[in-house]
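Participant: The structure follows.
The values are calculated or read from the model by the stated rules, or taken from the named source; none is laboratory data. Bear in mind the structure is a predicted one, so any value in this text is a computation, not a measurement. Neighbour counts run over all protein chains shown; Cβ positions are idealised from the backbone, glycine included.
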Amino acid sequence: MATSEQVLDTFTNDLRAAIAGEVYTPADAEYDAKAHGFQQVWKHTAPFLVDPRDENDVAAAVRLATAHGLPVSPLGHNHGYYGPITEGVLIRTIPLASVTVDPEAGTAVVGAGTTWGEVAQAAAVHGFTPSSGQDPSVGVVGFLLGGGLGAYTRTYGYGADHVRSMRVVLADGSIVEASDTENTELFWALRGGNSGFGCVVSVTIELLNLPAVQAETRYYAADDIPVMFRAWARWIQDLPASFNPLGGVEPMPDEENGGETMTPVLMLRIVHVGDEAEFEDVLATFPTDAEPMFVERGEAQDQPVEEPFPVREGAVFLRELPEAAVDTIIDALGADSLFVAGAIQVLGGATEAPDATATAVAARDARYAFYVATMGEVAFDPAAPVAFQKVADALAPWASAEVIPNFNGGLNRMATLTSPHAGDKAERLAAVRAAVDPTGTFARQTGVDVRSR
Ligand SMILES: Cc1cc2nc3c(=O)[nH]c(=O)nc-3n(C[C@H](O)[C@H](O)[C@H](O)COP(=O)(O)OP(=O)(O)OC[C@H]3O[C@@H](n4cnc5c(N)ncnc54)[C@H](O)[C@@H]3O)c2cc1C
């Protein structure tokens with residue numbers, strides 16, 4: 001009888017024979033560097049790692065894994081896994097990275113494993129901007145599968161709303177196109193329905209042709225947080241959809257001691273797409289309940305995260321933001337908070353798509369996204385999910401039943417909270433998964449909380 005080592009060797013050899021790319025196992029020196037990315041909290045240890053040469057390699061590896069009853073986990077840039085992949089085949093998609101912009105059509109074909117930074121660079125050459133998030137190191141496919149929230153989302157909608165088609169390797173090894181005309185139910189699911197349908201090998205996206213953009217960020221001292229946060233939260237309620245406000249508490253180094261300690265400050269940013277005069281007119285009505293410490297002009301996004309660090313985030317998407325909800329948020333972010341930062345991003349506008357059932361994007365009823373982050377040692381503190389649960393419970397009267405998967409962070413998963421998709425949408429997604437992946441090849445990614453699906 002073959003030992004388990006012999007079985008592993010046989011499968012590794014079969015994989016190597018089936019694909020033109022490379023196969024690695026944890027015994028290989030290259031494995032660790034290839035199996036990891038942003039998240040540093042744990043390591044993936046799947047017994048087989050595939051570096052595909054092209055989509056045919058992905059198809060061959062998936063077909064073989066399914067035939068052997070092994071799970072397959074596509075890996076992008078590792079921002080979105082919430083536990084280690086310890087079983088089956090890890091398909092590293094970075095070798096498939098590519099961007100081809102069609103300036104006439106205003107679209108780009110993007111290979112899996114490409115980052116938003118790479119797409120932004122290629123699009124900028126032709127004067128376009130992608131519908132991306134804040135961080136250029138985030139993977140395009142993972143972001144789009146999970147909805148995709150960025151600086152201009154209120155004006156233009158979620159990233160998933162700008163997907164024209166996706167090319168996907170299904171569990172049986174077939175390669176299919178999903179679009180408005182082909183495999184339409186799968187296409188619905190892939191836009192915001194999260195992972196577990198197949199391995200996406202490329203995606204065609206619409207690029208944004210942004211008119212002028214203006215941005216201003218005002219920073220306020222800790223003592224002014226309650227009064228100014230409340231005033232801002234009233235002010236944002238009726239702004240036109242061309243305005244994309246974001247406000248929250250974040251740490252800032254203390255100047256007195258050379259940055260050895262950090263003090264919370266209030267950051268209130270407003271990004272406008274369109275006419276500068278309209279921006280100035282609206283800005284003239286900005287609440288003056290406190291004086292800002294300083295003001296920055298022009299930055300629509302935060303600086304990218306340079307170094308990976310342990311982080312656990314939590315989010316509640318809100319239908320309304322009455323004063324009682326704002327007070328709950330101020331309390332949660334106040335002195336001695338376990339959350340190093342927390343913010344409200346204003347949604348509504350284009351996020352309330354005319355036909356909310358056109359894609360699987362979650363929480364279409366939400367007009368505000370509230371999210372918090374714990375970092376460093378605190379990310380591991382069991383008190384953090386308890387604190388988050390308390391805030392989420394207090395916000396429950398105004399909360400959406402759903403949260404977009406990209407914001408269904410570690411704290412959501414550790415607390416007993418809202419799932420990304422609820423009701424009919426959750427059932428419809430389960431039906432699509434059952435149809436395209438009856439063997440559960442992609443739905444059994446080790447370490448990924450089932451509630452994230
Ligand atoms: C620092 C940071 C900043 C972020 N900023 C934003 C933001 O501004 N807006 C926002 O909406 N989200 C944001 N996110 C969340 C991020 O969009 C998701 O975590 C996204 O899934 C990351 O994709 P990835 O390829 O980097 O991660 P991975 O961990 O590699 O993949 C994430 C998930 O997508 C699946 N997946 C990846 N590639 C494929 C593929 N080719 N086929 C099928 N499934 C695939 C994986 O199986 C996994 O389930 C941020 C996350 C971090 C850590």
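Participant: Residue by residue through the stretch 218-259, note down the ones that are β-branched (Val, Ile, Thr) and over 30 Å from Leu145 (Cα atoms).
Facilitator: Across the stretch 218-259, the qualifying residues are Ile225, Val227.
Participant: Here's a follow-up. Working only within the stretch 110-120, note down all residues that are buried (at least 19 other Cβ atoms within 10 Å of the Cβ) and more than 10 Å from the ligand (Cβ to nearest atom).
Facilitator: Val110, Glu118, Val119
Participant: I want to confirm something. Restricting to the stretch 81-104 and keeping residues that are closer than 17 Å to Gly117 by Cα and out of contact with any Lys or Arg (no Cβ under 8 Å at 6 or more places or on another chain), which single residue is nearest to the ligand (Cβ to nearest atom)?
Facilitator: Thr93
Participant: Right, next: How about the stretch 16-35: which of its residues are buried (at least 16 other Cβ atoms within 10 Å of the Cβ), modelled with pLDDT under 95 and not charged (D, E, K, R)?
Facilitator: Ala35
Participant: Would you pick out the residues in the stretch 160-177 that are under 22 Å from Ala105 (Cα atoms) and either in contact (Cβ under 8 Å) with a residue 40 or more places away in the chain or away from the ligand (no atom under 12 Å from the Cβ) (or both)?
Facilitator: Ala160, Asp161, His162, Val163, Arg164, Ser165, Arg167, Glu177
Participant: Oh, and also: For the stretch 232-244, indicate whether the set of residues that are within 30 Å of Ile329 (Cβ to Cβ), at pLDDT 95 or above, among the hydroxyl-bearing types (Ser, Thr, Tyr) and more than 19 Å from the chain's Cα centre (by Cα) is non-empty.
Facilitator: yes
Participant: Still on this structure, I have one more. Return only the number of the condition from (1) at pLDDT below 90; (2) in contact with a strand residue (DSSP E or B) (Cβ under 9 Å, 6 or more places away or on another chain); (3) crowded, with 20+ Cβ neighbours inside 10 Å; (4) polar (S, T, N, Q) that Ser452 does not satisfy.
Facilitator: With (1) at pLDDT below 90; (2) in contact with a strand residue (DSSP E or B) (Cβ under 9 Å, 6 or more places away or on another chain); (3) crowded, with 20+ Cβ neighbours inside 10 Å; (4) polar (S, T, N, Q) applied to Ser452, the lone miss is (2).
Participant: Could you check, for the stretch 154-175, whether at least one of its residues is of a type in the set (Asp, Glu), part of a loop (DSSP other than H, G, I, E, B), farther than 29 Å from Phe243 by Cα and assigned by TED's automatic domain parsing to the domain that holds Pro26?
Facilitator: no
Participant: So which pairs qualify, if the first residue must be in the stretch 93-110 and small (Gly, Ala, Ser), the second must be within 16 Å of the ligand (Cβ to nearest atom) and assigned to a helix (DSSP H, G or I), the Cβ gap must be under 7 Å, and the two must be at least 6 apart or on different chains?
Facilitator: Ala97/Glu118; Ala108/Val119
Participant: If you take the residues in the stretch 395-439 that are among the polar types (S, T, N, Q) and touching a Ser or Thr at 6+ places or on another chain (Cβ under 6 Å), which one is farthest from the ligand (Cβ to nearest atom)?
Facilitator: Filtering the stretch 395-439 for residues that are among the polar types (S, T, N, Q) and touching a Ser or Thr at 6+ places or on another chain (Cβ under 6 Å), the one farthest from the ligand (Cβ to nearest atom) comes out as Thr439.
Participant: The conditions are (1) farther than 23 Å from Leu347 by Cβ; (2) surrounded by fewer than 24 Cβ atoms within 10 Å (Cβ to Cβ), and Gly133 fails exactly one of them. Which is it?
Facilitator: If we test Gly133 against (1) farther than 23 Å from Leu347 by Cβ; (2) surrounded by fewer than 24 Cβ atoms within 10 Å (Cβ to Cβ), just (1) comes out false.
Participant: Still on this model: Within the stretch 306-346, count every residue that is under 19 Å from Pro397 (Cα atoms) and either of a type in the set (D, E, K, R) or out of contact with any strand residue (DSSP E or B) (no Cβ under 7 Å at 6 or more places or on another chain) (or both).
Facilitator: 10
Participant: I've got another one for you. Within the stretch 413-442, track down each residue that is outside any helix (DSSP H, G or I) and of a type in the set (A, V, I, L, M).
Facilitator: Passing the criteria: Ala415, Leu417, Ala422.
Participant: Testing Val23 on (1) β-branched (Val, Ile, Thr); (2) in contact with a helix residue (DSSP H, G or I) (Cβ under 6 Å, 6 or more places away or on another chain); (3) touching a residue at least 60 places away in the same chain (Cβ under 8 Å), one condition comes back false. Which one is that?
Facilitator: All conditions are met except number (3).
Participant: Now, a different point. Quick one: in the stretch 36-48, which of the residues that are more than 14 Å from Gly76 (Cα to Cα) and within 16 Å of the ligand (Cβ to nearest atom) is surrounded by the most Cβ atoms within 10 Å (Cβ to Cβ)?
Facilitator: Of everything passing the filter in the stretch 36-48, Ala46 is surrounded by the most Cβ atoms within 10 Å (Cβ to Cβ).
Participant: Just to be sure, is Thr129 in the same structural domain as Asn194 (by TED's automatic domain parsing), touching a residue at least 24 places away in the same chain (Cβ under 8 Å), in contact with a Leu (Cβ under 9 Å, 6 or more places away or on another chain) and of a type in the set (Val, Ile, Thr)?
Facilitator: Considered against the rule, which asks whether it is in the same structural domain as Asn194 (by TED's automatic domain parsing), touching a residue at least 24 places away in the same chain (Cβ under 8 Å), in contact with a Leu (Cβ under 9 Å, 6 or more places away or on another chain) and of a type in the set (Val, Ile, Thr), Thr129 comes out as yes.
Participant: Next question, about the same structure. So, of the residues in the stretch 121-136 that are part of a loop (DSSP other than H, G, I, E, B) and more than 7 Å from the ligand (Cβ to nearest atom), which turns out to be nearest to Gly157 (Cα to Cα)?
Facilitator: Ser131
Participant: Tally up the residues in the stretch 49-97 that are within 12 Å of Ala18 (Cβ to Cβ), in contact with a helix residue (DSSP H, G or I) (Cβ under 9 Å, 6 or more places away or on another chain) and surrounded by 24 or more Cβ atoms within 10 Å (Cβ to Cβ), please.
Facilitator: Residues in the stretch 49-97 being within 12 Å of Ala18 (Cβ to Cβ), in contact with a helix residue (DSSP H, G or I) (Cβ under 9 Å, 6 or more places away or on another chain) and surrounded by 24 or more Cβ atoms within 10 Å (Cβ to Cβ): 7 in total.
Participant: Taking the stretch 386-420 as the region of interest, how many residues are at pLDDT below 90, buried (at least 24 other Cβ atoms within 10 Å of the Cβ) and not aliphatic (A, V, I, L, M)?
Facilitator: 4
Participant: Moving on. Quick one: what pairs do we get from the stretch 423-448, first residue of a type in the set (Gly, Ala, Ser), second more than 12 Å from the ligand (Cβ to nearest atom) and at pLDDT 90 or above, C-beta under 6 Å, 6+ apart or different chains?
Facilitator: Final answer for the pair search is Ala443/Arg433.
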